[in-house]
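Here's the structure we're looking at; comments come further down.
The values are calculated or read from the model by the stated rules, or taken from the named source; none is laboratory data. No experiment lies behind these values; they were computed from the predicted model shown. Cβ placement follows ideal geometry from the backbone for every residue including glycine, while neighbour counts extend to all protein chains displayed.
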Amino acid sequence: MSKYLPNLLTLLRLGLTPVFIILAIYVHNPVSLKWACLVFIIASVTDWLDGYLARKLQQISDFGKLWDPLADKFIVLSALAALVWKAPLNIHWLVFAIILLREVLITILRYALANRKVILPADMWGKVKAILQMAGLILALAVWAWNLYYPPLMTFLVVWFWIVTLVTVLSGYNYLRGTFGNKV
């Protein structure tokens, strides 16, 4: 069983994404937002835990290398979309669009390379991006769920997500540079 635990955690995160979407977007009551925040936190923990266990148990697999980042993208983009279009947090839609574009391009690149039997693992910038995204999303979801709309906190979140967007673009560029060399 422990052999498959990292991949099961990745699958759990994939399964938590529609639960998050339903709670954050389609159920219209304050308690559902708190549950959505909790679901996102659980998904974030599984992101860290599956990577940790895969390395510790030496169970790094091609499945995990491909599906772990995809599961992350689904939950992160779902949360970001909910915050841009549903919550009064003033996170600009362009933040979502830029992050979505980077994630789609890198995912297409990963799958194109996988078809050639080349696995593009996450690098340091990708991990920094993921941590910044998850931390910002957890804070923003908590603000939304518990109505903590204090002007300095709101300004902090807006600035945070623009910084996350910059790091997201830099990490995407780093993947492209690492894949195509000086041609990028």
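Worth pointing out:
- Residue in the range 33-42 that is touching a helix residue (DSSP H, G or I) at 6+ places or on another chain (Cβ under 7 Å), of a type outside the set (Phe, Trp, Tyr), at pLDDT below 95 and surrounded by fewer than 16 Cβ atoms within 10 Å (Cβ to Cβ) present: no
- Some residue of the range 95-110 being free of Cβ contacts under 8 Å to residues at least 12 places away in the same chain and either more than 30 Å from SER61 (Cα to Cα) or not in a helix (DSSP H, G or I) (or both): yes
- Residue among ILE22, ILE60 that alone is more than 19 Å from ILE131 (Cα to Cα), of a type in the set (A, V, I, L, M) and not in a helix (DSSP H, G or I): ILE60
- In the range 99-146, the residue that is modelled with the lowest pLDDT out of those that are closer than 30 Å to HIS28 by Cα and small (Gly, Ala, Ser) is ALA130.
Every residue, every condition in (1) over 19 Å from ALA97 (Cβ atoms); (2) free of Cβ contacts under 8 Å to residues at least 12 places away in the same chain; (3) assigned to a helix (DSSP H, G or I); (4) of a type in the set (Gly, Ala, Ser), yes or no:
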| residue | (1), (2), (3), (4) |
| --- | --- |
| ALA114 | yes, no, yes, yes |
| LYS117 | yes, yes, no, no |
| GLY126 | yes, no, yes, yes |
| GLN133 | no, no, yes, no |
| ALA142 | yes, no, yes, yes |
| PHE156 | yes, yes, yes, no |
| TYR173 | no, yes, yes, no |
| THR179 | yes, no, yes, no |
